[in-house]
Structures are given as structure tokens and as C-alpha cells.
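So the structure is just underneath, and the comments pick up after that.
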Amino acid sequence: MNGPARLGVVALAMAAAILPTPDAIVERWYSNGIYAWFQPALTTISNLVPVALFDVICVMALIATIVMIRRRVSSAGWRRGGLAAATTLVTAAAVIYLVFLATWGLNYRRLPLRDKLRFEPARLNASATNNLALQVASEMNRLYLRAHGEQFSIKDLAAAFQSAEASLRVARPTVLGRPKPTIFGGYFHHAAIAGMTDPFFLETLVAPDLLDVERPFVIAHEWGHLAGYADESEANFIAWLACRRGSARAQYSAWLALFGHVYAAAGSDRDVFRELDPGPRIDLRAIADRYARTSRIVRLAARETYDRYLRANRVEHGVESYDDVVQLILGTTFDSNGNPQLR
């Protein structure tokens, strides 16, 4: 690639990053158009491979980078070779960013889910939040024994997710990703990351040290991303909808995941914790113990990096967007069957 071409690619990537994109256009032509068309094909292909293609491409990219830098420096010296290598890396980063936007990233710019739901901001108040927190505790107590006494079925969870999508009147169902381990499992543990959606091959990657009762919600959350809901609160909302339609373990997993969000939001959080039976408390303690074994430095660095990543992709609240699921649940109008009502 010659100089003008490199400059053009970098300029195009910068323009794509900063220029405004109307969310209604992204919703119609990308999220419900181009992306909805190629996602099933790409995820179907990646599902055929037992290993994470994301891992493969990361290893290949690392090797290619090392080889490229070595060749540039060997042929032109540290100064000229280093400059040439830096130019190549900047161009490669621009290309990767453009591919990221094309394969998944533009979903960050789609119409917010709350604009498609019958959402009533007046319902967002302290009393409603505390009532939701008490409901979460009650459901965890009710479901604990059944959730720990049954086997997890990925097929049942998939059926529940497809039912949740149908309640949102999705025209083209999502092809769901096969949950895969990753070579980054150790990093996931130390950074307190539960899962990840590969934005290039549209895979579902899951941390290796999740509790059995955590896995259904984490997988459903990543499937929410595959469905084009890039915002973390929206992926949480879709996962909550899906798991509530599933088995006792999936339902318990949804309330267990939601507990942390409402615990932070509720004004009477200590009273809510005291509402829990010993069983759910044991699960929360196990999660807390795992968190205590993570690396504070890695965790904080990962959080800061991801927060900047989200804000760069126009997610106003950054990592705090996870907690916005409480607002989505409280503000949304549901029918008698638990289906969210749309505008």
C-alpha cells in the first residue's frame, strides 16, 4: 500500500470515528439490515470451529507484528525502520477499526432500546428501585434449590433467548454463538471479566471460572451482543428477558446477576441483603471470593481501558452503563405475560 493509500485509510478511519451518524439510519440500514443479514452466516461459520477464531487471529497478528518490526529494523535501522514499522502499525490499526465497525461496532450507534420500548421515566424512583431489589431477593430464595438441582441445557437457553427476541418483534432471529473457552481465560479471571463477544468472527467467549449458576446469564448477555445490542445495559436487559423464560437455573442466574445492580442502586441495600436465605448468600460469597483472588492492578487497568473504549464508541456512561439495566426494567411497560410493550 503506497503513501496516499495509507493516508486515505487513516483519514477514513478518523472520519468514521468522529463524524455523527443518525441512529435511525444505523438502526434501519445497518443493525436491521446489513448486520442482520451477515451475522447468521458469520456466526454459523465460527460455530463450526471448536477453538476461538479470535484467539487464532490475535496470535497471528502478534507474530506478524514481531516479524514486520524485525524486518523493518533489520533493513533500514532503528530510526528509519522504526518509523516505517510505526506507519504500518497505524495503517493496520485504521483497517482493523474499519473492519470492527463493519462487522459489529456500528451497533453502538443504533437507536437506543428505550426509544423502541414503552418506557416511562416517571417510574424511576427510589421506592420502585427498592421494591425491585426485594423482588430480586425473593426470586433468588424461591429458585435456589431448583437451580442447583438441575443440569444446564444450552438448547433450552437458546429457545428462551429466541422467545425473548420474538417478544421484541425481531424480524430476523439471531444465530447464537457456541460458548467457547479462550486463551485469554487467565486474563479474564484477573480482570474480573465474565465473557466477551468477538466483534470480528461474532463468537461467544466465556470465562473459565464462572459458577454454574452464573453461566446462563453470561452466555445470554453475550448473545444479546450478537443480536446487535452493543450497549451493556441493553445486552443485560435482553439476557434478563431470556433467562426469565428459561429453566429454574436460567431464571436464578438472571436474578443473581441483577442483584449486584439493584444492590448498588437501592437505598436500603443492607436490608435487601438480609432478605436473602443462606443459599443465595453462599453463591454471592463464592463470587466475592473469586473477585478477591483477581489482580487489583489488572482489574483497574481493564476497567479503565474498557471505560475509554465504550466512551470512544459513544456510550455516554462508559462501564457504568451495565447498571442502567435497572432503569430499563423499571421504566419498561410489560404485558400480563411478561413481554415488553413496544411503541
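The values are calculated or read from the model by the stated rules, or taken from the named source; none is laboratory data. None of the values given here were measured: they were computed from a predicted structure. All Cβ positions, glycine included, derive from the backbone under ideal geometry; neighbour counts span all protein chains shown.
Are there any pairs, at least 6 apart or on different chains, whose C-beta atoms fall under 9 Å, with the first in segment 58-69 and basic (K, R) and the second at pLDDT below 95, and if so, which?
none
State whether one or more residues within segment 183-205 are touching a Pro at 6+ places or on another chain (Cβ under 8 Å), part of a loop (DSSP other than H, G, I, E, B) and β-branched (V, I, T).
No, segment 183-205 contains no residue that is touching a Pro at 6+ places or on another chain (Cβ under 8 Å), part of a loop (DSSP other than H, G, I, E, B) and β-branched (V, I, T).
Given the criteria surrounded by 14 or more Cβ atoms within 10 Å (Cβ to Cβ) and part of a helix (DSSP H, G or I), does V56 qualify? Step through it out loud before you land on a result.
Numbers: surrounded by 14 or more Cβ atoms within 10 Å (Cβ to Cβ): no; part of a helix (DSSP H, G or I): yes.
For V56, the condition - surrounded by 14 or more Cβ atoms within 10 Å (Cβ to Cβ) and part of a helix (DSSP H, G or I) - is not met.
Applying the selection to segment 213-235, what residues are at pLDDT below 95 and either of a type in the set (K, R) or within 23 Å of Y291 (Cβ to Cβ) (or both)?
Within segment 213-235, E232, S233 qualify.
Output yes when any residue across segment 108-125 is assigned to a helix (DSSP H, G or I), small (G, A, S), at pLDDT below 95 and at negative phi, and no when none is.
Quick first cut of segment 108-125, residues assigned to a helix (DSSP H, G or I) only: 108-109, 113-115, 121-123.
Okay, now just the ones that are also small (G, A, S), so 122.
Right, trim to at pLDDT below 95 and you get 122.
Remaining after also requiring at negative phi: 122.
Yes.
Which numbered condition trips up N131, out of (1) in contact (Cβ under 8 Å) with a residue 40 or more places away in the chain; (2) assigned to a helix (DSSP H, G or I)?
(1)
Does P173 satisfy the criteria of being surrounded by fewer than 23 Cβ atoms within 10 Å (Cβ to Cβ) and either closer than 26 Å to A248 by Cα or among the polar types (S, T, N, Q) (or both)? Don't jump to the end; show me each part of the working.
Details: surrounded by fewer than 23 Cβ atoms within 10 Å (Cβ to Cβ): yes; either closer than 26 Å to A248 by Cα or among the polar types (S, T, N, Q) (or both): yes.
It is true that P173 is surrounded by fewer than 23 Cβ atoms within 10 Å (Cβ to Cβ) and either closer than 26 Å to A248 by Cα or among the polar types (S, T, N, Q) (or both).
Provide a single number: the residues in segment 210-239 that are surrounded by fewer than 24 Cβ atoms within 10 Å (Cβ to Cβ), over 10 Å from the mean Cα position of the chain (by Cα) and in a helix (DSSP H, G or I).
Result for segment 210-239: 1.
For residues in segment 73-89 being of a type outside the set (S, T, N, Q), in contact with a helix residue (DSSP H, G or I) (Cβ under 8 Å, 6 or more places away or on another chain) and within 28 Å of F184 (Cβ to Cβ), which is surrounded by the most Cβ atoms within 10 Å (Cβ to Cβ)?
Result: A85.
Within segment 328-343, how many residues are crowded, with 19+ Cβ neighbours inside 10 Å and either modelled with pLDDT under 85 or assigned to a helix (DSSP H, G or I) (or both)? Break it down into steps so the answer makes sense when it comes.
Within segment 328-343, the first condition is being crowded, with 19+ Cβ neighbours inside 10 Å, and the residues that meet it are 328-330, 332, 340.
Those left that are additionally either modelled with pLDDT under 85 or assigned to a helix (DSSP H, G or I) (or both): 328-330.
Count: 3.
Every residue in segment 247-297 that is over 23 Å from Q151 (Cα atoms), crowded, with 16+ Cβ neighbours inside 10 Å and of a type in the set (V, I, T), please.
Correct list: V262, V272, T294.
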